[in-house]
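Novice: What follows is a structure written as structure tokens; I'll ask about it next.
The values are calculated or read from the model by the stated rules, or taken from the named source; none is laboratory data. Just so it is clear, the structure is predicted and the values come from calculations on it, not from any experiment. Counting neighbours? That spans all protein chains shown, and the Cβs are built from the backbone with ideal geometry, glycine included. Quick note on the areas: whole protein, heavy atoms, side chains included, nothing else; ligands and nucleic acids left out. Shrake-Rupley method; radii C 1.70, N 1.55, O 1.52, S 1.80 Å.
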Amino acid sequence: MEDKTFTISVYSENNVGLLNRISGIFLKRHINILSLNVSESEIENVSRFIIVVDTTEKWVKNIVGQIEKQIEVIKAFYHTDEETIYLENALFKIASNLLFDEKQIQNIIKESQSTIVTVSRDFFVISKSGRRSEIEELYTKIKPYGIMQFVRSGRISVSKEKMEISTMLETLK
């Protein structure tokens, strides 16, 4: 089996220490977490972890099984990139003079479908949502002009198919 990118979704109660235990599961198997995002989910009082890893399907099944053994975890799923719709977000802070002095910067912003979030005397901030490759391409184009600050979020995703947890919770109502 060859390594693939998998997105693991974990629905859980929001308890202190769970993130540490989940990351320990990956650490014990020497599997690097490429991206991690935790937020509230579509279910009241339930959090959702989105974890992205490169590994084999055998290992991801094993990891999901270990995660589901945690008391606070309601359900965990894994999906390939083809089975999900996903995005990342990034912010670029750039010196303001470039916006007016370098015409190419405006073209790069427009062509990349980025948005200018704020402009001040000293800097302006560009926001870009998209696939990691799109964000990296924008980064590569802007880098020669100088980036004051850069930050990228972890992956956010939804599955294309209805997830079992929705059905499971409907039967409990």
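Novice: Any idea which of Ser120, Ser133, Ser96, Ser114 is over 30 Å from Ile165 (Cα atoms), among the small types (Gly, Ala, Ser) and without any contact (Cβ under 8 Å) to a residue 12 or more places away in the chain?
Specialist: Numbers: Ser120 fails: without any contact (Cβ under 8 Å) to a residue 12 or more places away in the chain; Ser96 fails: without any contact (Cβ under 8 Å) to a residue 12 or more places away in the chain; Ser114 fails: without any contact (Cβ under 8 Å) to a residue 12 or more places away in the chain.
So the residue among Ser120, Ser133, Ser96, Ser114 that is over 30 Å from Ile165 (Cα atoms), among the small types (Gly, Ala, Ser) and without any contact (Cβ under 8 Å) to a residue 12 or more places away in the chain is Ser133.
Yes/no matrix, rows are residues, columns are (1) open to solvent by less than 50 Å² (accessible area, probe 1.4 Å); (2) out of contact with any Phe, Trp or Tyr (no Cβ under 9 Å at 6 or more places or on another chain):
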site: Tyr78; (1), (2): no, no
site: Ala90; (1), (2): yes, no
site: Ser96; (1), (2): yes, no
site: Ile109; (1), (2): yes, yes
site: Ile116; (1), (2): no, no
site: Lys128; (1), (2): yes, no
site: Met148; (1), (2): no, no
site: Arg152; (1), (2): no, no
site: Ser157; (1), (2): yes, no
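Novice: Return the total of residues in the stretch 1-24 being open to solvent by 10 Å² or more (accessible area, probe 1.4 Å) and hydrophobic (A, V, I, L, M, F, W, C).
Specialist: 3
Novice: While we're here: Go over the candidates Tyr139, Tyr86, Tyr78 one by one and state the one that is under 20 Å from the mean Cα position of the chain (by Cα) and under 26 Å from Val16 (Cα atoms).
Specialist: Working: Tyr139 fails: under 26 Å from Val16 (Cα atoms); Tyr86 fails: under 26 Å from Val16 (Cα atoms).
Just a single option satisfies the conditions, and that option is Tyr78.
Novice: Which of the numbered conditions does Glu82 fail, given that it passes all the others? Conditions: (1) free of Cβ contacts under 8 Å to residues at least 40 places away in the same chain; (2) within 18 Å of Met163 (Cα to Cα); (3) surrounded by 12 or more Cβ atoms within 10 Å (Cβ to Cβ); (4) of a type in the set (Asp, Glu).
Specialist: The number of the failed condition is (3).
Novice: Report yes if Arg29 is of a type in the set (Lys, Arg) and open to solvent by less than 40 Å² (accessible area, probe 1.4 Å), otherwise no.
Specialist: no
Novice: While we're looking at this one, here's another question. Within the stretch 61-102, track down each residue that is in contact with a strand residue (DSSP E or B) (Cβ under 9 Å, 6 or more places away or on another chain), of a type in the set (Lys, Arg) and outside any helix (DSSP H, G or I).
Specialist: Lys75, Lys93
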